[in-house]
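The values are calculated or read from the model by the stated rules, or taken from the named source; none is laboratory data. The structure displayed is predicted, hence computed values, not measured ones. Glycine also receives a Cβ, built like all others from the backbone with ideal geometry; neighbour counts cover every protein chain displayed.
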């Protein structure tokens, strides 16, 4: 995490946090646009909100530790505790997009992608930019490869 030295104190770089929120919003938007173009249950705004909100909550969690720790020596905080609660919420949100109609189940990929986009937001907020970007690029490439393979296999089966 970048820190600026100013008048003998370390000041949280709000510019970096703003860029993290913007990056999370843009990545969530791009992933949502892909899902929307395929007429999936969750679309552009859903993915953008999930990615940006998980980034925001994680940033608050991480930076509140240093903010509140300065006010008292008796305060002990775990910066990733809030991120753990995000994961529970993502599971609940993902379950909401899974639909069952007889033997047909839809929305599983959308649920998985909501969970994934939350992880990307947490990763960006925690400062793991390369890791989050690599995960996004790898999953986009492999998802498109999977679509191609499925189309070829579906054509052979019928």
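Some points to look at:
- Given (1) outside any helix (DSSP H, G or I); (2) in contact with a helix residue (DSSP H, G or I) (Cβ under 9 Å, 6 or more places away or on another chain), index of the condition residue 60 fails: (1)
- Entry remark, region 97-111: residues being under 19 Å from the mean Cα position of the chain (by Cα) and surrounded by fewer than 14 Cβ atoms within 10 Å (Cβ to Cβ) number 1 in total.
- When residue 157 is tested against (1) modelled with pLDDT of 85 or more; (2) farther than 30 Å from residue 15 by Cβ, only condition (1) is not met.
- Selection from region 92-110 of residues that are free of Cβ contacts under 8 Å to residues at least 40 places away in the same chain and under 15 Å from residue 46 (Cβ atoms): 92, 94, 95, 96, 98
- Candidate set from region 14-56 (those that are without any contact (Cβ under 8 Å) to a residue 24 or more places away in the chain and part of a loop (DSSP other than H, G, I, E, B)); member that is farthest from residue 137 (Cα to Cα): 39
- Filter result for the condition that a residue is out of contact with any helix residue (DSSP H, G or I) (no Cβ under 8 Å at 6 or more places or on another chain) and either under 21 Å from residue 55 (Cα atoms) or not in a helix (DSSP H, G or I) (or both), over 109, 134, 139, 145: 134
- In region 65-106, the residues that are touching a helix residue (DSSP H, G or I) at 6+ places or on another chain (Cβ under 7 Å), modelled with pLDDT of 85 or more and in a loop (DSSP other than H, G, I, E, B): 98
- Leading residue by the ranking (surrounded by the fewest Cβ atoms within 10 Å (Cβ to Cβ)) among those in region 112-131 that are more than 17 Å from residue 29 (Cα to Cα) and touching a helix residue (DSSP H, G or I) at 6+ places or on another chain (Cβ under 7 Å): 131
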